[in-house]
Amino acid sequence: MINVTKTYLPSKEKYKKYIDEIYENAWFTNNGPLVQRLEKRLAKYLGVKNIILVSNGTVALEIAYRTLDIKGFAITTPFSFVATTSSLVTNNILPIFVDIDKNTFNLDSKNIEKLITPNTSAIVPVHVFGNACEVEEIEQIASKHKLKVVYDAAHAFDVKYKNKSVLNYGDISTLSFHATKLFHSIEGGALIINDDNLVQKARYLINFGIENQKSIPHLGTNAKMNEFEAAMGLCVLDEIENIKNSRKEVYETYQKELKNLLEFQEQNENATQSYSYFPVVFKSEEELLKVQKALNEEKIFPRRYFYPSLDSLDYIEPKQMCKISRDISKRILCLPIYAELEKDVQNTVIKTIKENL
Ligand SMILES: *Cc1c(COP(=O)(O)O)cnc(C)c1O
C-alpha cells in the first residue's frame, strides 16, 4: 500500500546509541540533554535565534497564542490542516477566515484589512505546502493595525525567504515534527520566537507555568518534548539533506510529467521550496474522484489535502464562506511524495492520472 507520505526511518544503530545514552543519564524528560542538543542544532541549521521544542505542532500554536496574549478574533486561512483553526477555537479565539489566492493557496493578503475590527488581535497565516506567504505585506498590515502575527509554519521547516529563514517573520512561527513531516521527531514541534523578552514566558508556559519552587506566574500546560523524541530528531537531522534531495527528485518528475495537464501551486518567487507535498488541482471534483478511484485500485492512496475547507466546520459560529478555498478544497489532491518512493510506483501514479483525465 502506497500512501501520500511515509515516515522516514533513520539508522536504527544510531538511534540505539542515543537510547543507551538516555538510559545512562536516566533522564527521560523535563528539558533533558538531548532536547537541549537538538534545540541548539536546529537553531543553527534553520538560522533562527530562539527555538523552543515542544510535544507537537498543535500545542506549539496554542503556546504561541498564550505567549502573545491573543484574544478576541484572529484572521486566518480556511485552507490548512484543521489544527490551525481548532487551536484557536480551543483558546476561545474566533477564527475569521480570509479567502485564499487561487494560485498560491495561501491567504490573500489583499483581503485582510477589510476583515479587521476592534476585536481583531492577530493574524495566523499558514505557509501552505511550504509555499511562503506574502510576508512583507502581512508585516506591514500587522504593524499598521498593531496586530500580532503567528505563522503556522508546519510545512515550511527550512524554507528561506530572500535567503533567510522564513521562520524569522511574524512574532512567532510554529513547526510540527510529526512522523509524517519532512523533518520529524516521532511527535514534536517547536516555537520560533523573535522577541527575546518572550522566550522565558513561553518556557514557563510549556512547563505548567512554573517559574521556580516558589512561583507559578502563568497559567501553563504540559507541552514538553521527551528525550526519546529528541533522539529521533537528532538522527533524522543528520540525514535531512538526503531526505530533501530525494523528495526534490520525486517533485521534479511529477512537475515534468504532469505540467499542462493539471494545475500546480504557484510558488513565491522570493522563497525556496520545501518539496514536502505535491498538490495537483483537477478541473472538477468528478475528475478528481475518478483519478482517486483508479489510483486506489492500484493500492495507491493520495490524500485530499486540505478538505474540507475549514470555514465549513460545524463548530464555527457565526457561519462564514470562503468561495475560493471551498472550490480548491474540492479539486485538490496531494500525490505520494517521500524519500524512498520507488520510481516504478511514481510512474504508475503518473500513468494512472494520465489515463483518467
Ligand atoms: C501537521 C500540522 C499541524 C499539527 O501538528 P501536529 O504536530 O500534528 O500537532 C498544524 N498545522 C499544520 C498546517 C500541519 O500540517
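Please list, by residue number, everything in the range 331-356 whose backbone N is under 11 Å from a paramagnetic label point 7 Å out along Cα→Cβ of residue 261.
Under 11 Å, as judged by backbone N against the label point of residue 261, lie 347-356 of the range 331-356.
Quick one: which residues, 5+ away or cross-chain, put their amide H under 5 Å from the amide H of residue 160? H built at 1.01 Å from N.
Close amide H contacts, sequence-distant or interchain: 166, 272.
Using θ = phi - 60° and the Karplus curve 6.51 cos²θ - 1.76 cosθ + 1.60, what whole-Hz ³J(HN,Hα) does each residue of the range 315-327 get, with Gly and Pro shown as x?
For the range 315-327, the Karplus-derived couplings read 7, 8, 10, x, 5, 10, 9, 10, 4, 5, 4, 5, 5 Hz, x marking Gly and Pro.
List residues of the range 9-42, by number, whose backbone nitrogen lies under 12 Å from a label position 7 Å along Cα→C-beta of residue 238.
10-19
Beyond 17 Å, what share of the Cα-Cα pairs of the range 240-355 remains, rounded to the nearest whole percent?
Within the range 240-355, distances greater than 17 Å cover 59 percent of Cα pairs.
Full extension from residue 354 to residue 12: what is 0.36 nm times the residue separation minus their Cα-Cα distance, to one decimal in nm?
The span from residue 354 to residue 12 would gain 119.2 nm if fully extended.
Can you give the FRET efficiency to the nearest 0.05 for residue 45 and residue 82, using r as the Cβ-Cβ distance and R₀ = 22 Å?
That pair, residue 45 with residue 82, gives E of 0.15.
For the chain, what class follows from the C-alpha gyration tensor (a ≥ b ≥ c being the square roots of its eigenvalues): rounded when a/c is under 1.5, otherwise prolate if a/b is larger than b/c, else oblate?
oblate
What percent antiparallel are the DSSP beta bridges of the chain, to the nearest 5?
Counting only bridges with both partners in the chain, antiparallel ones make up about 55 percent.
Each label point is 7 Å from the Cα along the Cα-to-Cβ direction; what then is the distance between the points at residue 111 and residue 26, in nm?
The answer from the label model is 5.9 nm.
Quick one: which of 257-264, 300-307 comes out on top by average Cβ neighbours within 10 Å, and what's the full order, highest first?
My ranking of the peptides, most packed first, is 300-307, 257-264.
Which whole-Hz ³J(HN,Hα) couplings does the range 72-85 yield from phi under the Karplus relation 6.51 cos²θ - 1.76 cosθ + 1.60, θ = phi - 60°, glycine and proline marked x?
After applying 6.51 cos²θ - 1.76 cosθ + 1.60, I find x, 10, 10, 7, 9, 9, x, 10, 6, 5, 4, 4, 4, 7 Hz.
Give me 196, 108, 314 sorted ascending by neighbouring Cβ count inside 10 Å, so fewest comes first.
The fewest-first ordering by Cβ neighbours comes to 314, 196, 108.
Assigning unit charges at the beta carbon (Lys, Arg +1; Asp, Glu -1) and nothing else, what dipole magnitude in debye, to the nearest 20, does the range 222-326 show about its Cα centre?
Dipole of the range 222-326, to the nearest 20 debye: 320 debye.
Of all beta bridges DSSP finds with both residues in the range 86-235, what is the antiparallel percent, to the nearest 5?
Close to 60 percent.
Any read-out appearing in this document is the output of simple, stated calculations on the displayed coordinates, not a laboratory observation. Keep in mind it's a predicted model, so treat the numbers as computed, not measured. Positions of Cβ are backbone-derived with ideal geometry, glycine not excepted, and every protein chain shown enters the neighbour counts.
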